[in-house]
Amino acid sequence: MDAKELMKIARKARQNAYAPYSHFAVGAALLAESGRVYTGCNIENASYGLTCCAERNAIFAAVGAGERRFKMLAVAADSPEPVAPCGACRQVIAEFGIPIVVMGNLKEAIKTMSAEELLPYGFGQESMNNKGEK
């Protein structure tokens, strides 16, 4: 599956967004190494801190299904430029080592970046006192 196909799935996932406060619907599609695709959409809450982004919903669905290795994440919104993940999502993307993030909008503009480009100096196991030991 290529980036264009995955973006098409992300745009479709966006249709399920629950965004009554921001009115900014976002969809995401995550390609696992297994070949399965997991989707997510943003789901808002009147208590804004309980809102969850499309990217994290897709990643958490995949991890909950047992996936741990990923190829690519696509995220789409109705924005002038390709939409970028928020800081919290960038940290989760880094945690799960998603190598490629494809950002898009409804006008079919696409921008591709690595997780490292999105979150340089991200926090990980190597940042902790235990030096990554489990």
(message) Can you pull out every residue in the stretch 22-55 that is touching a helix residue (DSSP H, G or I) at 6+ places or on another chain (Cβ under 7 Å) and either part of a loop (DSSP other than H, G, I, E, B) or on the phi > 0 side of the Ramachandran plot (or both)?
(response) A25, N42, C53
(request) Scan the stretch 78-99 and give yes if some residue there is out of contact with any Ser or Thr (no Cβ under 6 Å at 6 or more places or on another chain) and assigned to a strand (DSSP E or B), otherwise no. (result) no
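Consider N57 carefully, then state whether it is at pLDDT 95 or above, surrounded by 15 or more Cβ atoms within 10 Å (Cβ to Cβ) and either more than 16 Å from K4 (Cα to Cα) or over 14 Å from the mean Cα position of the chain (by Cα) (or both). Full working, then the answer.
On the way: at pLDDT 95 or above: yes; surrounded by 15 or more Cβ atoms within 10 Å (Cβ to Cβ): yes; either more than 16 Å from K4 (Cα to Cα) or over 14 Å from the mean Cα position of the chain (by Cα) (or both): yes.
For N57, the condition - at pLDDT 95 or above, surrounded by 15 or more Cβ atoms within 10 Å (Cβ to Cβ) and either more than 16 Å from K4 (Cα to Cα) or over 14 Å from the mean Cα position of the chain (by Cα) (or both) - is met.
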(message) Tell me yes or no: at least one residue of the stretch 87-105 is surrounded by 21 or more Cβ atoms within 10 Å (Cβ to Cβ) and more than 10 Å from the chain's Cα centre (by Cα).
(response) yes
(request) For the stretch 17-54, enumerate the residues that are of a type in the set (A, V, I, L, M) and loosely packed, with under 15 Cβ neighbours inside 10 Å. (result) A46, L50
(request) Test each condition in (1) without any contact (Cβ under 8 Å) to a residue 60 or more places away in the chain; (2) under 16 Å from T112 (Cα atoms); (3) over 10 Å from the mean Cα position of the chain (by Cα) for L6 and report the one that comes out false. (result) (1)
(request) Test each condition in (1) assigned to a loop (DSSP other than H, G, I, E, B); (2) touching a strand residue (DSSP E or B) at 6+ places or on another chain (Cβ under 9 Å); (3) loosely packed, with under 13 Cβ neighbours inside 10 Å for K4 and report the one that comes out false. (result) (1)
(request) Within the stretch 72-84, identify whether any single residue is over 16 Å from I9 (Cα atoms) and within 11 Å of the chain's Cα centre (by Cα), and answer yes or no. (result) yes
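The values are calculated or read from the model by the stated rules, or taken from the named source; none is laboratory data. Quick caveat, the model's predicted, so the values are computed rather than measured. Virtual Cβ from ideal backbone geometry, glycine too; neighbours counted across all protein chains shown.
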